[in-house]
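Heads up, the thing below is written out as structure tokens.
The values are calculated or read from the model by the stated rules, or taken from the named source; none is laboratory data. All of these numbers come straight from a predicted model, not from anything done at the bench. Methodologically, a virtual Cβ is constructed for each residue, glycine included, from the backbone with ideal geometry; neighbour enumeration extends over all protein chains shown. Ligands, DNA and RNA are excluded from the accessible area calculation, which covers all protein heavy atoms including side chains. Shrake-Rupley method; radii C 1.70, N 1.55, O 1.52, S 1.80 Å.
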Amino acid sequence: MAAYLVGNVEIEDEFTIEEYRRRALPLVERYGGKALVIDATPVYFEGNWIPRNMILLEFPNMSAICGLLSSPEYAPLAAMRQASAHTDLVAFGGL
């Protein structure tokens with residue numbers, strides 16, 4: 001069953017985030033993922049959540065997401081992202 005990773009990213013260092021994206025997206029693909037949405041201008045309708053720069057990635061399953069996020073290859077990229085942005089990440093399974 002497909003699984004999705006959603007990120008809400010409040011960027012503090014645009015230059016570093018661009019480098020992160022350049023390096024992270026090929027790694028996402030190696031884990032079977034693909035970017036469905038990367039949007040810097042999401043439209044807010046309701047609730048208390050303040051969306052910033054949104055990402056939506058699709059993976060073949062939840063194990064692929066967990067594998068990516070816990071991989072030694074991703075660890076330095078996670079540190080890069082965490083140093084240059086505040087990110088909320090949520091993963092969930094599809095239908």
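Quick notes
- Leu56 meets all of the listed conditions (1) open to solvent by less than 20 Å² (accessible area, probe 1.4 Å); (2) in contact (Cβ under 8 Å) with a residue 40 or more places away in the chain; (3) under 12 Å from the mean Cα position of the chain (by Cα) but one, namely (1).
- Test for Leu68: is it modelled with pLDDT of 95 or more, surrounded by 14 or more Cβ atoms within 10 Å (Cβ to Cβ) and outside any helix (DSSP H, G or I): no
- Odd one out for Arg23, checked against (1) open to solvent by 70 Å² or more (accessible area, probe 1.4 Å); (2) assigned to a strand (DSSP E or B); (3) within 17 Å of Ala83 (Cα to Cα): (2)
- Test: residue in the stretch 35-43 that is more than 13 Å from the chain's Cα centre (by Cα), assigned to a loop (DSSP other than H, G, I, E, B) and without any contact (Cβ under 8 Å) to a residue 12 or more places away in the chain: yes
Residue by residue, here is whether (1) farther than 16 Å from Leu77 by Cβ; (2) touching a Cys at 6+ places or on another chain (Cβ under 7 Å); (3) not hydroxyl-bearing (Ser, Thr, Tyr) holds:
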| site | (1), (2), (3) |
| --- | --- |
| Tyr4 | yes, no, no |
| Val9 | no, no, yes |
| Arg21 | no, no, yes |
| Ala24 | no, no, yes |
| Arg30 | no, no, yes |
| Pro42 | yes, no, yes |
| Ile50 | yes, no, yes |
| Met54 | yes, no, yes |
